[in-house]
Amino acid sequence: MLFFLRKKSRKRGKYLSFDEVLADLPGEIRFDRERMEGVLERPFSRLSFFVLIVVFIGITLVILGRIFFLSVMNEDRFLLRAEDNRLRKELIQPKRGVIYDRKGNIISENIWGEKEEELYRQLRHPTAYSHVVGFLGKPAPSDFVSFPELREFSLLGKDGIEYFYDEMLRGELGYEIEEVDALGNVVSRGIIQEPKDGKSIVLSIESTLQEAAFEILSQTAEHRGFQGGAILVFDVTNGELLTFASYPSFDANTLSRGISTEELAVLLE
């Protein structure tokens, strides 16, 4: 039950507070201390309100001061940082080294795709050199376990000469800085590190002999029903390998451009 009591004070028009009324009526209202009923809380004093207002004003001044410090005092520094955010670092792929035969004929060279960064490898004969030269492929997690920088290259050697001499053939990456606007359009470009093209290598293979040997081998295997075979020709005077033809073969040019999982499964069979 709530009590709404008031008592006239000595001054006309002024009433006592609720807690003063209760203090005058100890016999009418009993306090239950176990249930905390009837316990009167001490009202806020003027000093408490004054301290609270001072704390609030202090916090407000700190926030306003921090905003002023960031927006006015350090305007130049944050403007420079904002300008840096508009700069974008791009990789420049190096030109992969060319592979020549013993007479200077090109066996494997670079061709570029529709985009500037698309690099493919083109063999002189799509199947005659596949087992010797090998092919390229995109970096896999196993490629950059020990050398994390390899993940930045678009293609790496995966088999044959391309794999064995990959470090020599691939070269070193370059970097350029692009300035872009708010819409992502390139405003200007500047190269900060020129790429270093890969080194070319010369094989002991003689291209005319290699291609002739492969044609003879593949035709013989198909006509006589052989599953496969190989032809190796050495120079007996110095041990150089002149021909290494193997059948069945595969189109290394297609592998370098990328094939689907289904096409790879057919190739492996």
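Kindly indicate which of Arg102, Arg170 is buried (at least 18 other Cβ atoms within 10 Å of the Cβ) and touching a residue at least 60 places away in the same chain (Cβ under 8 Å).
Details: Arg102 fails: buried (at least 18 other Cβ atoms within 10 Å of the Cβ).
After applying the criteria, what remains is Arg170.
Within the group Glu215, Glu179, which residue is under 19 Å from His131 (Cα atoms) and charged (D, E, K, R)?
Result: Glu215 is the single residue among Glu215, Glu179 that is under 19 Å from His131 (Cα atoms) and charged (D, E, K, R).
Under 25 Å from Arg88 (Cα atoms) and either touching a Gly at 6+ places or on another chain (Cβ under 9 Å) or crowded, with 16+ Cβ neighbours inside 10 Å (or both): which single residue out of Glu162, Glu149, Glu211, Glu179 fits that description?
Just a single option satisfies the conditions, and that option is Glu179.
With the requirement that a residue be in contact (Cβ under 8 Å) with a residue 40 or more places away in the chain and aliphatic (A, V, I, L, M), what does the range 243-269 give you?
Across the range 243-269, the qualifying residues are Ala245, Ala252, Leu255.
Look through the range 243-256, keep the residues that are touching a helix residue (DSSP H, G or I) at 6+ places or on another chain (Cβ under 6 Å) and not in a helix (DSSP H, G or I), and return whichever of them is surrounded by the most Cβ atoms within 10 Å (Cβ to Cβ).
As a first pass, look at the range 243-256 and keep what is touching a helix residue (DSSP H, G or I) at 6+ places or on another chain (Cβ under 6 Å): 243-247, 249-250, 252.
Now restrict to residues that are not in a helix (DSSP H, G or I): 243-247, 249-250.
Working: Thr243: 23, Phe244: 20, Ala245: 26, Ser246: 19, Tyr247: 23, Ser249: 18, Phe250: 15.
If we take residues in the range 243-256 being touching a helix residue (DSSP H, G or I) at 6+ places or on another chain (Cβ under 6 Å) and not in a helix (DSSP H, G or I), then Ala245 is surrounded by the most Cβ atoms within 10 Å (Cβ to Cβ).
Answer yes if at least one residue in the range 219-237 is touching a strand residue (DSSP E or B) at 6+ places or on another chain (Cβ under 9 Å), of a type in the set (Phe, Trp, Tyr), at pLDDT 95 or above and open to solvent by less than 40 Å² (accessible area, probe 1.4 Å), and no otherwise.
Taking every residue of the range 219-237 in turn, none turns out to be touching a strand residue (DSSP E or B) at 6+ places or on another chain (Cβ under 9 Å), of a type in the set (Phe, Trp, Tyr), at pLDDT 95 or above and open to solvent by less than 40 Å² (accessible area, probe 1.4 Å).
For Ile192, which of the numbered conditions (1) of a type in the set (A, V, I, L, M, F, W, C); (2) over 15 Å from Val98 (Cβ atoms); (3) open to solvent by 40 Å² or more (accessible area, probe 1.4 Å); (4) not in a strand (DSSP E or B) fails to hold?
(4)
Only one residue in Ile111, Ile106, Ile99 is modelled with pLDDT under 95 and among the aliphatic types (A, V, I, L, M). Which one?
Ile111 is the lone residue from the list that is modelled with pLDDT under 95 and among the aliphatic types (A, V, I, L, M).
Would you mind finding the one in Ile111, Ile161 that is under 20 Å from Phe250 (Cα atoms) and either touching a residue at least 12 places away in the same chain (Cβ under 8 Å) or not in a strand (DSSP E or B) (or both)?
Ile161 is the lone residue from the list that is under 20 Å from Phe250 (Cα atoms) and either touching a residue at least 12 places away in the same chain (Cβ under 8 Å) or not in a strand (DSSP E or B) (or both).
State which residue is farthest from Ala230 (Cα to Cα) when the search covers only the range 114-151 and only residues that are part of a loop (DSSP other than H, G, I, E, B) and of a type in the set (Gly, Ala, Ser).
The residue in question is Ser146.
Quick one: in the range 183-234, which of the residues that are of a type in the set (Asp, Glu) and within 33 Å of the chain's Cα centre (by Cα) is farthest from Glu172 (Cα to Cα)?
Glu194
Here is a yes/no grid of residues against (1) in a strand (DSSP E or B); (2) modelled with pLDDT of 90 or more; (3) hydrophobic (A, V, I, L, M, F, W, C); (4) out of contact with any Cys (no Cβ under 8 Å at 6 or more places or on another chain):
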position	(1), (2), (3), (4)
Val187	yes, no, yes, yes
Ala212	no, yes, yes, yes
Gly239	no, yes, no, yes
Glu262	no, no, no, yes
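Show the residue pairs meeting these rules: Cβ distance below 9 Å; 6+ apart or different chains; first residue within the range 122-145 and under 14 Å from Ala245 (Cα atoms) and modelled with pLDDT of 90 or more; second residue open to solvent by 40 Å² or more (accessible area, probe 1.4 Å) and assigned to a loop (DSSP other than H, G, I, E, B).
Qualifying pairs under 9 Å: Thr127/Pro248; Thr127/Asp251; Ser130/Asp159; Ser130/Asp251; His131/Asp159; Val133/Asp159; Gly134/Lys158; Gly134/Asp159.
The values are calculated or read from the model by the stated rules, or taken from the named source; none is laboratory data. Just so you know, these numbers come straight off a predicted model, no measurement behind them. Backbone-built Cβ (ideal geometry, glycine too); neighbour counts: all protein chains shown. The protein model used for the area step is the full one, side chains on, heavy atoms only, and it has no ligands, DNA or RNA in it. Shrake-Rupley method; radii C 1.70, N 1.55, O 1.52, S 1.80 Å.
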